[in-house]
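Working notes, beginning with the structure itself.
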Amino acid sequence: MLVGGQGTRLRPLTMSAPKPMLPVAGVPVTAHMLARARDAGIARVVLATSYRAEVFEEYFGDGSAHGLELEYVTETEPLGTGGAIRNVVERLRGGPDDPVVIFNGDILSGLDIPALVRRHSEADAAVTLHLTEVVDPRAFGVVPTDADGRVTAFLEKTPDPPTNLINAGCYVFRRSVIDMIPAGRPVSVERETFPGLLAAGTPVMGYPDSTYWLDLGTPAAFVQGSRDLVTGRMASSALPGPVGDCLVLPGAAVAADAKIGGGATVGAGARVGAGAAVDGAVLFDGAVVEAGATVRDSVIGRGAVIGAGVLLDGVVIGDGAIIERDNELRAGARVFPGAVLAAGAVRFSSDRT
Ligand code: GDD
Ligand code: MG
């Protein structure tokens, strides 16, 4: 599982925690992903870490509490997706022809993992890619296939995509193919390994499916994914409570007349005051929403304080920031950790930090 990226598009949230450790629906993204792997019969996972590597082991330990055997391999310099895979090769067990499942660490998906592995074995492919269809493929790896499902090209983040089928970020590699990735330098599977395999005529298969799929790389997607887990649109055995209209974690205090809904999550020790509304938003642990404030489709960092009467819609508030009363922030605005917005300072803000 590749969990070493910087999570740039989720800044400032990823200044204090790596993207795969940010809580969606109460637990880190990685916890949901590991639960899916375990539920599919995977017993052992190697986490390829780089950025803020230590927090993964602190949280997951040897994996026994999660029903898995976990190992960690940390890159001293980020090696990219392919370099990260190559870097863990010594920790992989099994023979040269055995399948190795690789996960991008920021994906929520209903993929049938055993079915992906079966497709790979039946086709005797070098690599098999989970594919999904998206409306706008430009931000992804675009993967055209022929009538038999064989991959014909791999176009990473191309401005003029020939198909809506994209790389969904889960692969099966034949173990010997990993041995062939060059060691000790950054390698991108998307820009180097896959195009190289295709140019050499190596069989690369696609496995398209239409189950739930979401890359949690942007604030909007992050909020969406959290809501979908809370409301049960996306199933996860790691969800720390029953499916419902909201998830309120232990130790949170919510005023009786506050409205929490739309799949919102209220973190441990967070506080929501009288008459406040939290709609589809994610409040990290210890966040405070004061009386009469409205927080919609936003992420509120740990211990951040949202003052009385504030309106937030589609924004990201960094850890410990203070938004004093009567501010309004919307449409992609981001507030840095620890920043203080004086009362009534901002009425509307779009895409500003
Ligand atoms: N260990 C390690 N080292 N992990 C890394 C590194 C690295 O240097 N760089 C990235 N990763 C991890 C990230 O943490 C993430 O889990 C995964 O690799 C993919 O990186 P992203 O930064 O999320 O890539 P993306 O979303 O722009 O594109 C990738 O995912 C798309 C599907 O969501 C590509 O694989 C696309 O082709 C694909 O369509
Ligand atoms: Mg991503």
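Readers should treat all values here as calculations from the given coordinates under stated rules, not as data from a laboratory. None of the values given here were measured: they were computed from a predicted structure. Heads up, the Cβs are rebuilt from the backbone with ideal geometry, glycines too, and the neighbour counts pull from every protein chain shown.
Shape class of the range 77-140 from the alpha-carbon gyration tensor: oblate, with a/c at 1.5 or above and b/c at least as large as a/b.
Once the convex hull of the C-alpha atoms of the chain is built, how many Å³ does it hold per residue, rounded to a whole number? Can you show the working numbers first?
Details: hull volume 44.1 nm³, N = 353.
Per-residue hull volume (Cα only) is 125 Å³.
Neighbour counts of C-beta atoms inside 10 Å place ASP160, ASP326, ASP297 in the sequence ASP160, ASP326, ASP297, starting with the fewest. Highest GNM mean-square fluctuation, the chain, Cα pairs closer than 10 Å: which of HIS66, HIS120, HIS130? Of HIS66, HIS120, HIS130, the most mobile in the Gaussian network model is HIS66.
Multiplying the residue separation of SER188 and ARG175 by 0.36 nm and removing their Cα-Cα distance gives an extension gain of 2.9 nm. Along its principal axes, the range 83-185 has C-alpha extents of 38, 33, 26 angstrom, given from the largest down. Between ALA43 and ASP112, the distance separating the two model label sites (each 7 Å from Cα on the Cα→Cβ line) works out to 2.4 nm.
Counting only DSSP beta bridges with both residues in the chain, what percent are antiparallel, rounded to the nearest 5? Bridges in the chain are about 30 percent antiparallel.
Modelled spin-label separation between THR152 and LYS259, with each label point placed 7 Å from Cα along the Cα-to-Cβ direction: 5.2 nm. When the chain is treated as a Gaussian network with alpha carbon springs shorter than 10 Å, the biggest mean-square fluctuation among ALA40, ALA281, ALA238 belongs to ALA40. Shown is the FRET efficiency for ALA339 and TYR212, computed with R0 = 35 Å from the Cβ-Cβ distance and rounded to the nearest 0.05: 0.50.
Which order do peptides 302-311, 22-31 fall in by mean Cβ count within 10 Å, highest first?
Details: 302-311: 21.9, 22-31: 24.4.
Descending packing order for the listed peptides: 22-31, 302-311.
Dividing the mean sequence gap of close Cα pairs (under 8 Å, 6+ apart) by how many residues the chain holds gives a relative contact order of 13 percent. When only alpha carbons are used to place a centre, the range 249-304 and the range 30-86 end up 30 Å from one another. Semi-axes of the equivalent ellipsoid of the range 245-349 are 19, 13, 12 Å, computed as sqrt(5λ) over the eigenvalues of the C-alpha gyration tensor in descending order.
Calculated from DSSP H runs of 4 or more alone, at -39500 (n - 2.57) each and per residue, what is the 222 nm mean residue ellipticity of the chain, nearest 500?
Working: 7 runs with 61 residues, N = 353.
Counting only the DSSP helices, I get -5000 deg cm²/dmol.
Geometric descriptor of the range 8-215, per residue, is 127 Å³ (volume of the convex hull of the Cα atoms). How fast does the range 238-300 diffuse by Stokes-Einstein, in µm²/s, taking the Kirkwood radius from C-alpha pairs at 10 °C and 1.306 mPa s? After rounding, the answer is 143 µm²/s.
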